[in-house]
Each structure stands twice: as C-alpha cells, then as structure tokens.
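One structure is given here, and the rest of the page talks about it.
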Amino acid sequence: MTLAHRTGSILLATLMALLLCNATPSHAESPDALFINMTTDDAHRANMGIGFGYNQLQRGHPLTVFLNDRGVMLAAKANGVAFEQQQKTLAAVIAKGGTVYVCPTCMKHYGLAEADLMPGAKVSNPDLTEKALFSNDARTLSW
C-alpha cells in the first residue's frame, strides 16, 4: 500500500469516526421537559418566564407553565389588556402543544372562576401537577 493510500485510509477512518459520533442520539430525540412555576403578575418577570419557556418549547422541550399565587392573574380574561403580551405568549404555548395550568386554590383566593380563564388554560389539580412536575428528566424554573 502506498503512502497516499495509507493517508487516504486514515482520513477515511477518521471521517467515519466523526460521522458516527455525530450520529449518536441527541437529547432532541427524548428532550427534557420544562416545568415553569410562575408566581408573579409583574409584567416584565412574566414575559421573561413565559418567553423563556416558549423558546424551549420551540426547541422541542415539552413545557408546562404552572400559574400560581399572583401568577393566576395572567390567565384571567378580564386582565387581557393589562397582560396582553403575556396572554398572547401563553396562547402560543398552548397552540404549540404546551400546557398552562392554573392553581385552583390561588384562583379562589383572588376571586377567579374557571370561566374567567383565557381559552386553553386549565385548572390544575394535584394529579396533573404531579405528572408534569415529576416526569422523567423534567427541569423546573420559577419566576
């Protein structure tokens, strides 16, 4: 075998090894889920949290946004003007397959009923929250 053939063989073997490394399954095939715990009704903080989650959802990560404490106000139809951008992003999350849960205890505390919620937002319960929060490879962030 000539030097050119050996060099070519080495280059081919190296190229094949690199291709095989890149063929290894990535996290995108089984992406980690994201659970966002949203306790705020501060417009900027809410935009940051919901926007961050939406960006990850677009990258293939299942997303649950759990609105609790003052965060429940973000999903109230009556607050559609005050939280227009947040509700648009929450609606986009829902349209893309994400989930928006609203804490029923917090709703009661702030005088909200299920009929008061924006379309697609769901009243949560311990079973729903548990399933999302403790799913395999779930990550949690709070705002």
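Computed values, structure above
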{"quantity": "Under 21 Å, Cα to Cα: Lys pairs in segment 35-143, sequence gap 8 or more or different chains", "calculated": "10"}
{"quantity": "Amide H partners (placed H, <5 Å) of Val65, local residues excluded", "calculated": "Ile36, Thr99, Val100, Tyr101"}
{"quantity": "Length gained when the stretch Lys122-Arg45 is fully extended (0.36 nm per residue, less Cα-Cα span)", "calculated": "25.6 nm"}
{"quantity": "Simple label model, 7 Å out from Cα along Cβ direction - Ser135 to Ala91, nm", "calculated": "2.4"}
{"quantity": "Where Phe35, Phe134, Phe66 fall by accessible area, highest first, once all protein chains stay in place (1.4 Å)", "calculated": "Phe134, Phe66, Phe35"}
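The values are calculated or read from the model by the stated rules, or taken from the named source; none is laboratory data. Small disclaimer: the values here were computed from a predicted structure and weren't measured. Virtual Cβ from ideal backbone geometry, glycine too; neighbours counted across all protein chains shown. The accessibility values were calculated without ligands, DNA or RNA, using every heavy atom of the protein model including side chains. Shrake-Rupley method; radii C 1.70, N 1.55, O 1.52, S 1.80 Å.
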